[in-house]
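Have a look at the structure below before the remarks.
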Amino acid sequence: MNETATLRARAEIDLAALRANVRTLRARASGAQLMAVVKADAYGHGAVPCARAALEAGATWLGTATPHEALALREAGIDSRLMCWLWTPGGPWREAVEAGIDVSVSGMWALHEVVAAATEAGVPARVQLKADTGLGRNGCQPADWPELVSAALAAEDEGVLEVTGLWSHFACADEPGHPSIAAQLNVFRDMVAYAEKEGVRPEVRHIANSPATLTVPGSHFDLVRTGIAMYGISPSPELGTPADFGLRPVMTLAASVALVKQVPPGHGISYGHHYTTPGETTLALVPVGYADGIPRHASGRGPVLVGGAVRRIAGRVAMDQFVVDLGGEPLEAGAEAVLFGPGDRGEPSVEDWARAADTIAYEIVTRIGARVPRVHLHEDSGRD
């Protein structure tokens with residue numbers, strides 16, 4: 001803590017905790033490989049350090065949403081199995097093919113583009129066919145699956161691509177017992193069986209995300225894709241806390257108090273004066289705001305550990321700062337305000353902030369802005 005205490009704000013990323021989480025998740029799906037999902041800058045935690053830490057802990061695949069995220073990992077020297085799945089027409093297909101990145105294909109337009117890119121590059125593309133088993137987003141509908149499989153196999157026979165995977169994604173795996181889970185599994189099995197009957201020989205078949213990895217063992221197949229759970233956050237509070245699953249939150253968000261001052265009773269605080277002081281009191285100014293990813297929806301509700309107690313934001317969150325009413329307690333400028341962390345010192349959790357902002361924990365960590373430095377702790381795996 002001491003070496004970073006002078007920073008305005010910081011997001012401390014405990015890579016030892018991340019490695020431990022990966023090992024825990026691998027044990028949950030011991031018959032499958034694990035893909036560490038590092039999209040959205042590793043859910044705000046820093047893609048390259050987190051990718052390396054996950055691989056050190058036994059992950060065998062990395063996953064990103066966009067091809068540019070995947071290419072950035074290659075540029076950083078990471079050469080593991082790597083998949084990206086969110087493509088638009090005209091994307092960097094050739095660059096991805098040449099970098100040995102597995103690309104997801106959900107329809108004929110994408111297959112045509114990757115075949116053209118692979119032909120131009122003179123390198124076979126690694127392609128994973130995505131099935132829409134009921135989520136209704138990306139993926140190929142069952143009615144269109146035979147055409148896509150046939151065209152992919154024809155391209156494979158021509159030597160321009162290799163079908164390396166068959167995959168899909170759950171809609172409601174974070175709601176245990178939801179009827180769509182079993183329904184999607186049945187559709188996935190049928191679509192995989194059809195593709196394999198036609199001659200597809202995939203390296204991996206996968207549908208399990210974080211909640212399915214934790215609660216639906218029949219969905220593990222050859223590979224599980226763990227995103228939010230890898231960062232020590234429960235994919236759904238209804239499923240249990242991180243501790244219930246043996247996971248530890250990886251990110252701690254803290255700031256240095258910029259100003260402490262006395263104000264009289266009835267003093268309005270921040271824009272709109274939605275909070276006025278009930279009596280003479282002490283205010284602390286915390287220099288982070290919605291430009292740093294602090295949700296404005298948490299105005300008046302966001303919890304902060306400061307001055308030895310958890311207090312609520314007083315008034316509105318502004319672009320760069322918010323105020324905490326210390327209730328007359330003394331504090332020095334430069335004192336630490338901890339917005340969330342693993343809870344070792346009684347600080348709030350990411351889930352506490354999600355409730356305060358009427359959102360999910362995923363959004364809280366991924367929205368932390370670029371002007372908040374990431375301080376990666378325990379980058380040397382030998383210190384775990």
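The values are calculated or read from the model by the stated rules, or taken from the named source; none is laboratory data. Since the model is a prediction, treat every value here as computed from it, not as a measurement. Don't worry about glycine lacking a Cβ; one is built from the backbone with ideal geometry, like all the others, and counts go over all protein chains shown. These accessible areas exclude ligands, DNA and RNA; they are computed on the full protein's heavy atoms, side chains included. Shrake-Rupley method; radii C 1.70, N 1.55, O 1.52, S 1.80 Å.
Annotations for the structure displayed:
- Descending semi-axes in whole angstrom, ellipsoid equivalent of the stretch 1-134, from the Cα gyration tensor: 31, 18, 13
- In percent, rounded to a whole number, the relative contact order of the stretch 293-355 is 31, using alpha-carbon pairs under 8 Å and six or more apart.
- Computed about the Cα centre, the dipole magnitude for the stretch 291-384 is approximately 380 debye when only Lys and Arg (+1) and Asp and Glu (-1) carry charge, each at its Cβ.
- Per residue, the accessible area of the stretch 311-369 comes to 42 Å² when a 1.4 Å probe rolls over the protein heavy atoms.
- The tail of the calculated P(r) for the stretch 54-101 beyond 16 Å holds 32 percent of all Cα-Cα pairs.
- For q = 0.33 Å⁻¹, Debye-computed log10 I/I(0) when each Cα of the stretch 123-162 counts as one equal scatterer: -1.05
- Long-range amide H partners of VAL224 with built H, under 5 Å: GLN33, LEU34, MET35
- Taking the Cα centre of the stretch 191-316 as origin and assigning +1 to Lys and Arg Cβ atoms and -1 to Asp and Glu Cβ atoms, the resulting dipole is close to 400 debye.
- Farthest positive-ward along the stretch 120-184 dipole, Cα basis, beta-carbon charges - from VAL123, ASN138, SER180: SER180
- Residue among LEU25, LEU62, PRO348 farthest towards the positive dipole end of the chain, charges placed on Cβ: PRO348
- Space enclosed by the convex hull of the alpha-carbon atoms of the stretch 296-384, per residue, Å³: 129
- Among LEU135, LEU111, LEU82: highest mean-square fluctuation, GNM of the chain, C-alpha pairs under 10 Å: LEU135
- For VAL375, residues with placed amide H under 5 Å, excluding near neighbours: ALA11, GLU12, ILE13
- Sequence-distant aspartates and glutamates (8 or more away, or on other chains) whose Cα lies within less than 17 Å of LYS130: ASP102, GLU113, ASP144, GLU147, GLU156, GLU162, ASP190, GLU196, GLU198, GLU203, ASP222
- Degrees between helix 47-56 axis and first principal axis of the chain (Cα, 0 to 90, nearest 10): 70
- Isotropic mean projected area of the C-alpha convex hull, the chain (nm²): 20.0
- Here the chain is assigned +1 on the Cβ of each Lys and Arg and -1 on the Cβ of each Asp and Glu. Its dipole about the Cα centre then comes out at about 760 debye.
- For the chain, the share of DSSP beta bridges that are antiparallel, to the nearest 5, is 45%.
- Between 0 and 90°, nearest 10: helix 108-121 axis offset from the chain longest Cα axis: 80
- Toward the positive end of the charge dipole of the chain, with +1 on the Cβ of Lys and Arg and -1 on the Cβ of Asp and Glu, the farthest Cα among LEU82, ALA154, GLY268 is that of GLY268.
- Computed on the Cα atoms alone, the convex hull of the stretch 314-358 gives a volume of 113 cubic angstrom per residue.
- DSSP-assigned coil residues among trypsin sites (Lys or Arg not before Pro) in the stretch 249-354, each with at most 13 further Cβ atoms within 10 Å: ARG345
- Using a probe radius of 1.4 angstrom, the carbon and sulfur fraction of the accessible surface of the stretch 1-157 is 51%.
- Helix 179-198 axis, angle to the chain major axis (alpha carbon atoms, nearest 10°): 30
- In the distance distribution for the stretch 145-297, Cα-Cα pairs more than 21 Å apart total 65 percent.
- Highest-first arrangement of 367-378, 19-30, where packing means the average Cβ count within 10 Å: 19-30, 367-378
- Separation of the stretch 1-56 from the stretch 179-197 is 32 Å, based on Cα centroids.
- Rg/Rh for the stretch 134-225 (Cα atoms only, Rh after Kirkwood) is 0.99.
- Relative contact order for the chain: 18 percent, from Cα pairs under 8 Å spaced at least 6 residues apart, divided by residue count.
- Heavy-atom accessible area order for SER381, SER80, largest first, 1.4 Å probe: SER381, SER80
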